[in-house]
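S.K.: Pasting a structure here, questions to come.
The values are calculated or read from the model by the stated rules, or taken from the named source; none is laboratory data. This one's a predicted model, so the numbers in the text were calculated from it and none came from an experiment. Here the Cβ positions follow ideal geometry from the backbone for every residue, glycine too, while neighbour counts run over all protein chains shown. Note: areas computed on protein heavy atoms with side chains; ligands, DNA, RNA excluded. Shrake-Rupley method; radii C 1.70, N 1.55, O 1.52, S 1.80 Å.
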Amino acid sequence: MQFANVLRKKRKELHLTQQQLADKLHVTRQTPSRWENNLSYPNLDTLVNLSEFLAVPLDILLKGDGNLMVNKISQDAG
């Protein structure tokens, strides 16, 4: 399952709005929307916080979409 789908599914299971998730992660309301629409990915620090807050293992978030996110984070870090 793609990162965006995992994120959306888990957020809805927890009955959270995008605004509530954004507030918890200290990002703008548009940021979770961009993640859920495959327009961007969170940075590594935010990804760790997201994993902890949603209780979703990092490997599920990272590997869910065929390493696209891993490649993007690697490019941004390098």
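S.K.: For region 5-50, go through all pairs of different Cα atoms, get the mean of 1/r, take its inverse, and jot down that Kirkwood value in Å.
M.R.: 10.5 Å
S.K.: Write down the accessible area per residue of region 8-56 in Å², having rolled a 1.4 Å probe over the full set of protein chains.
M.R.: Value for region 8-56: 62 Å² per residue.
S.K.: Once label points are set 7 Å from the Cα along Cα→Cβ at both His15 and Ile60, what is their separation, rounded to one decimal in nm?
M.R.: Using points 7 Å along Cα→Cβ, the separation is 2.0 nm.
S.K.: Okay, next question. Kindly write out, for region 45-54 in residue order, the coupling ³J(HN,Hα) from the Karplus curve 6.51 cos²θ - 1.76 cosθ + 1.60 (θ = phi - 60°), rounded to whole Hz, with x marking Gly and Pro.
M.R.: Residue by residue, region 45-54 yields 4, 5, 4, 5, 4, 4, 4, 5, 5, 8 Hz.
S.K.: Using θ = phi - 60° and the Karplus relation 6.51 cos²θ - 1.76 cosθ + 1.60, list the HN-Hα couplings for region 29-37 in order, rounded to whole Hz, with x at every Gly or Pro.
M.R.: Values per residue, Gly and Pro as x: 4, 6, 4, x, 4, 5, 5, 6, 9 Hz.
S.K.: Using a Cα-Cα cut-off of under 14 Å, which aspartates and glutamates could be cross-linked to Lys63, ignoring same-chain neighbours fewer than 8 residues away?
M.R.: none
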